[in-house]
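The values are calculated or read from the model by the stated rules, or taken from the named source; none is laboratory data. All values derive from a computational prediction rather than experimental measurement. Cβ placement follows ideal geometry from the backbone for every residue including glycine, while neighbour counts extend to all protein chains displayed.
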Amino acid sequence: MATDLIWQSATALSALLEKGEVTSRDLTEAFIARAQAVEPSVHAYLDLHTDYALEQADQADQRRQLGQVRGPLDGIPVSLKNVISIKDLPLTAASKMLEPFVSPYDATTTLKLKNAGAVLLGRLNMDEFAMGSSCENSAFGPTFNPWDTERIPGGSSGGSAACVAAGETPLSLGSDTGGSIRQPASLCGIVGMKPTYGLVSRYGLAAFASSLDQIGPMAHTVEDAALLLQTIAGYDPLDSTSFNTSIPDYRAALQEAPKKWRLGVPTEFFGEGLDPEVKEAVQRAIQWYEAQGCEIVEISLPHNELSVPVYYVLAPAEASSNLARYDGVRYGHRSSEAKDAIDLYFKSRGEGFGPEVKRRILLGTYVLSSGYYDAYYLRAQKVRTLIRNDYLKAFEQVDAILTPTSPTAAFKLGEKKDDPLSMYLADIYTISVNLAGLPGLSMPCGFTQDKLPIGLQVIGQPFKESELFQIAHAYEQAHDWKTTHPNL
């Protein structure tokens, strides 16, 4: 029974709970057992909150017996990237800097999950402070791709993607600053969605780059991603960048008949650097849409080639500012070797931060420094506007845009660890979506000859997540990629 449960969608598990065929404790115990069995091979979790989760599951079962069910997520396990606060539990952001820190409050997304009755199963591994594309930058060791444990799962939400792909949780939350939900979703063969900037509250999210960060769902199916986004989306006065807009019924939208969408294909996304197997799989998916009567329109996003350099000016600049708060005084790591206040600051940060975080702080501090601000930071902001305008111009012609999610399938552990530039280019197809503040979704569209997942990215118009889900759901329903799982 437990084996049957772990590969069910969250929507299917919710239906089983409603029929009384299983209890929330049954589900929670099944996923805990699965995690304990495969974690030595995957290392997706930093903390598996066994007792905490079982207590929540029992409370969900009691509510159900009393007819007080809170909705479709009541009693369903969900795991969170270790960058999202849960009150009274450790929040490390996979960094030694925050290893001793216990969050004094819930993130807004956490509170919404609790109010929906979700069972918070555990906290997931990631690149330190969400800085990375491979999940190798964690201070507590890398996560491994369930499809091939000698390969990376992607990053920075590598634990969130691997955990779902390995059957250790039906749903997870990640955060996406430059592709950190979509790229690992692609490499692990699941659905990952970055909402429009401002749709989901960032309150309680350990900040990396505040104008780019966005929390989003990761799941086996498009419908599950829609269900999870439905729960966490909405205006939050505690987040000054939260956008006050009505939240439609995303799952209900999936029941509508598929439309003859106009879908854009950017020429810039299919050139040099794209692996031939990835290109072939994505083109087959595009041809499928065309066969369904959709109009495929060739478009141009001429400034996309500048998205990586722009991102690696703006994101480190914001990181430099956000991470200045870790000073060894108020919370987090405090050096025991310091001789005075200044020494405490330098030693605490030197000991607490890993190499990639230090690299980005240095880069960000440089581009913000006197004499370089206009040359780098201000110019990057202007190019960011050009990138956004390219997308808005394209959306005058098309409903959505289809691209590869990642230029390659999962690469070997350590393959790019000593080549930061090559690692940064792994996000070439996802970064511009964050710079433009748009929603983007990755879903499986095939496998390489080595049986590694390939992802198709669908980029939507601002706050049109319903249409994005519809487009992705139509393809997913006609293919069986979601029923193929890794053999661990």
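Which one is modelled with the lowest pLDDT, of the residues in the stretch 444-488 that are over 21 Å from LEU227 (Cβ atoms) and β-branched (Val, Ile, Thr)? Ranking the qualifying residues of the stretch 444-488, first place goes to THR484.
The sole residue among SER466, SER406 that is in contact with a Pro (Cβ under 6 Å, 6 or more places away or on another chain) and of a type in the set (S, T, N, Q) is SER466. Tell me yes or no: at least one residue of the stretch 376-398 is of a type in the set (Val, Ile, Thr), part of a helix (DSSP H, G or I), touching a residue at least 40 places away in the same chain (Cβ under 8 Å) and crowded, with 19+ Cβ neighbours inside 10 Å. Within the stretch 376-398, one or more residues are of a type in the set (Val, Ile, Thr), part of a helix (DSSP H, G or I), touching a residue at least 40 places away in the same chain (Cβ under 8 Å) and crowded, with 19+ Cβ neighbours inside 10 Å.
Residue count for the stretch 207-232, restricted to those that are within 25 Å of ALA472 (Cβ to Cβ) and over 15 Å from the mean Cα position of the chain (by Cα): 4. Can you report the number of residues in the stretch 38-67 which are touching a residue at least 12 places away in the same chain (Cβ under 8 Å), closer than 23 Å to THR143 by Cβ and assigned to a helix (DSSP H, G or I)? Total meeting the criteria: 7. Every condition in (1) surrounded by fewer than 24 Cβ atoms within 10 Å (Cβ to Cβ); (2) under 10 Å from the mean Cα position of the chain (by Cα) is met by GLY204 except one, and the failing one is (2). Applying the set (1) within 24 Å of the chain's Cα centre (by Cα); (2) under 30 Å from ARG359 (Cα atoms) to ASN244 leaves exactly one unmet item: (2). From the list GLU277, GLU351, the lone residue that is surrounded by fewer than 21 Cβ atoms within 10 Å (Cβ to Cβ), closer than 30 Å to ALA93 by Cα and at pLDDT 95 or above is GLU351. Taken across the stretch 62-77, residues that are under 17 Å from SER172 (Cβ atoms), in contact with a Pro (Cβ under 9 Å, 6 or more places away or on another chain) and either of a type outside the set (Asp, Glu) or surrounded by fewer than 18 Cβ atoms within 10 Å (Cβ to Cβ) (or both) do occur, with at least one present. The residue pairs whose first member lies in the stretch 220-235 and is at positive phi, whose second member is of a type in the set (D, E, K, R) and part of a helix (DSSP H, G or I), and whose beta carbons are closer than 8 Å, counting only pairs six or more residues apart or on different chains, are GLY234/LYS112.
Restricting the search to helices (runs of 4 or more DSSP H) fully inside the stretch 80-188 and requiring at least 3 residues that are among the small types (Gly, Ala, Ser) and modelled with pLDDT of 95 or more gives 158-165. Taken across the stretch 300-307, residues that are under 30 Å from LEU227 (Cβ atoms), more than 23 Å from the chain's Cα centre (by Cα) and touching a residue at least 60 places away in the same chain (Cβ under 8 Å) do not occur at all. Can you confirm whether the stretch 276-296 contains a residue that is within 30 Å of ARG379 (Cα to Cα) and either out of contact with any Asp or Glu (no Cβ under 9 Å at 6 or more places or on another chain) or in contact (Cβ under 8 Å) with a residue 60 or more places away in the chain (or both)? Within the stretch 276-296, none of the residues are within 30 Å of ARG379 (Cα to Cα) and either out of contact with any Asp or Glu (no Cβ under 9 Å at 6 or more places or on another chain) or in contact (Cβ under 8 Å) with a residue 60 or more places away in the chain (or both). Out of all the residues in the stretch 287-307, is one or more touching a Lys or Arg at 6+ places or on another chain (Cβ under 6 Å), within 30 Å of ARG349 (Cα to Cα) and surrounded by 15 or more Cβ atoms within 10 Å (Cβ to Cβ)? No, because not a single residue in the stretch 287-307 is touching a Lys or Arg at 6+ places or on another chain (Cβ under 6 Å), within 30 Å of ARG349 (Cα to Cα) and surrounded by 15 or more Cβ atoms within 10 Å (Cβ to Cβ). Does the stretch 151-164 contain any residue that is crowded, with 24+ Cβ neighbours inside 10 Å, of a type in the set (Lys, Arg) and in contact (Cβ under 8 Å) with a residue 24 or more places away in the chain? No; the residues of the stretch 151-164 include none that is crowded, with 24+ Cβ neighbours inside 10 Å, of a type in the set (Lys, Arg) and in contact (Cβ under 8 Å) with a residue 24 or more places away in the chain. Screening VAL282 on (1) closer than 24 Å to ALA161 by Cα; (2) in contact with a Phe, Trp or Tyr (Cβ under 6 Å, 6 or more places away or on another chain) shows it passes everything except condition (2).
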